[in-house]
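Comments concern the structure below.
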Amino acid sequence: MEELYYQTLKETLYHEKLDNGLEVYLLPKVGFEKTYGLFSTRFGSVDTTFIPLGENKMITVEDGVAHFLEHKMFDMKDGDAADKFALLGASSNAFTSSSRTAYLFSTTSHENECVELLLDFVQELAITDKSVEKEKGIIGQEIKMYDDDPDWRVYFGSIENLYQNHPVAKDIAGTVETVNRTTKEMLETCYKTFYHPNNMMLFVVGNIDPHVTMKLIIDNQNKKHFDLPQPIVRREIKEPLDIKTPLVEKTMDVEMSKIIVSIKVNEQLKTPLEKLKRELSLNILFDLLFSKSSKLYNEWLEKGIINDSFSANFTQERDYAFIQMGGDQDRYLELKDQIYDFIEHIKDIKFNLEDFERIKRKNIGNFINVYNSPEAIANLFSRYYFEGIISLDIVDIISTIQLEDIYSVMKYFDLKYTSTFIVKK
């Protein structure tokens, strides 16, 4: 078992790659009552066209299939996994994003039993045609709930505006129609391909003895048989540089209108480190521009075109990236014009070194504070692991960022690749 010591965080991470390909990471936290386990696969809503394991032809499955499979994973031959966790005094959950699906537990007791249960229920698919048909109605209700949620609609609509071909523009849960076309065989194909241990990562943090926990995991995996691992072949997505549409307005029953201005970031960086530095630099830039103490934020606040709901953020995964800015605002056209003017002239903005260093220290502090929460540690680790980054390195990487890096990411603010989505009264 590999031991990795991180001097800045004073943390020791334990790592083992098992014979079946499963990557296991353990982070003991002395004095913590809670233990948190997260078992994730590199399979998300964008993975709809691929070559199934053991085959040689590309297939396309329905939108929302990764989310559908997440719903069905809790079915076990002898009961429901959530009920079994509850009997152990633990809580359990799962989520699907565009690029991964994760299953998790949180507990203050029976840690070893919870780790085994997490492995066992995720590594067993127990579905029937009847249970799949029943789930369609449940997921359909969930989709309709999100369709009626104005915050989700403005968020997701702003992404749909940007992409012409990329499946990130498809809702993670799919549509009622795609859910109804999903079959048991389709779910089984996706499970066999993407839930192989070689495509998965287990992370456990908290009140654990890493040697005991690792032995338990190895013994558990040695009892199971898996096909030989093979590289997963996904379709290469060819996305044009141009955005899909510059403006969409949707009328909904809301107390206050909502607006998000989004910017498509087309540059595909080559290494995980380059991508991470871009993300961290943009996060620092947004803090410099829009923290509560910043000049620009307070100018917009005084004009009345923004309020506490305003935010700016950057998202990147695998092969796509975008910027989003906006919030709740009945004077949404004024805010749109203000943001567009800001985008056009952002390169004229200058920062002093003192403000930059202060914001950088704040960002370092935020990442260090993550290590006080097992949930936050696990989710951060899983989020970056599939992007090729060990999250315990992030604090040291932030320390290397210079003011020049902040100016360099301003190039991504380009009106040519900017779009607006408005939910109005």
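D for the range 1-133, whole µm²/s, Stokes-Einstein with Kirkwood Rh over alpha-carbon pairs at 37 °C and 0.692 mPa s: what number? It would help to have the intermediate numbers written out before the result.
On the way: Rh = 16.9 Å.
Result for D is 194 µm²/s.
Quick one: if the Förster radius is 45 Å, what FRET efficiency do Arg361 and Asp129 give, using the C-beta to C-beta distance and rounding to 0.05? Before the final figure, lay out each step's value.
Details: r = 57 Å, r/R0 = 1.27.
Computed FRET efficiency for Arg361 and Asp129 comes out at 0.20.
Of all beta bridges DSSP finds with both residues in the range 1-89, what is the antiparallel percent, to the nearest 5?
Numbers: 13 of 13 bridges.
Restricted to the range 1-89, the bridges split so that about 100 percent are antiparallel.
Below 13 angstrom from the Cβ of Asp337, what's the summed charge of the other residues (Lys, Arg +1; Asp, Glu -1)?
Numbers: positive: Lys303, Arg331, Lys336; negative: Glu334, Asp341, Glu344.
Result for the local shell: 0.
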For the chain, with equal point scatterers placed on the C-alpha atoms only and solvent neglected, what are the log10 I(q)/I(0) values from the Debye formula at q = 0.11, 0.13, 0.14 1/Å, to two decimals?
-0.95, -1.29, -1.42
For Glu188 and Ile390 in one chain, what is 0.36 nm times their gap in residues minus the Cα-Cα distance, to one decimal in nm?
69.6 nm
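When the helices in the chain are scored as -39500 (n - 2.57) per DSSP H run of 4 or longer and the sum is shared across all residues, what 222 nm value do you end up with, to the nearest 500 deg cm²/dmol?
On the way: 15 runs with 171 residues, N = 425.
Helices in the chain give a 222 nm mean residue ellipticity of -12500 deg cm²/dmol.
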Separation in nanometres of the label points that stand 7 Å from Cα toward Cβ, at Ser408 and Gln141:
5.1 nm
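What percent antiparallel are the DSSP beta bridges of the chain, to the nearest 5?
On the way: 54 of 65 bridges.
In the chain, approximately 85 percent of DSSP beta bridges are antiparallel ones.
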How far apart, in nm, are the 7 Å Cα→Cβ label points at Thr245 and Glu299?
3.3 nm
Place a label point 7 angstrom from the Cα of Glu55 along the Cα-to-Cβ direction, then list the residues of the range 233-262 whose backbone nitrogen is under 19 Å away.
233-237
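Bear in mind that the values in this text are calculations on the coordinates, not laboratory data. Quick caveat: nothing in here was measured; it's all calculated off a predicted structure. Don't worry about glycine lacking a Cβ; one is built from the backbone with ideal geometry, like all the others, and counts go over all protein chains shown.
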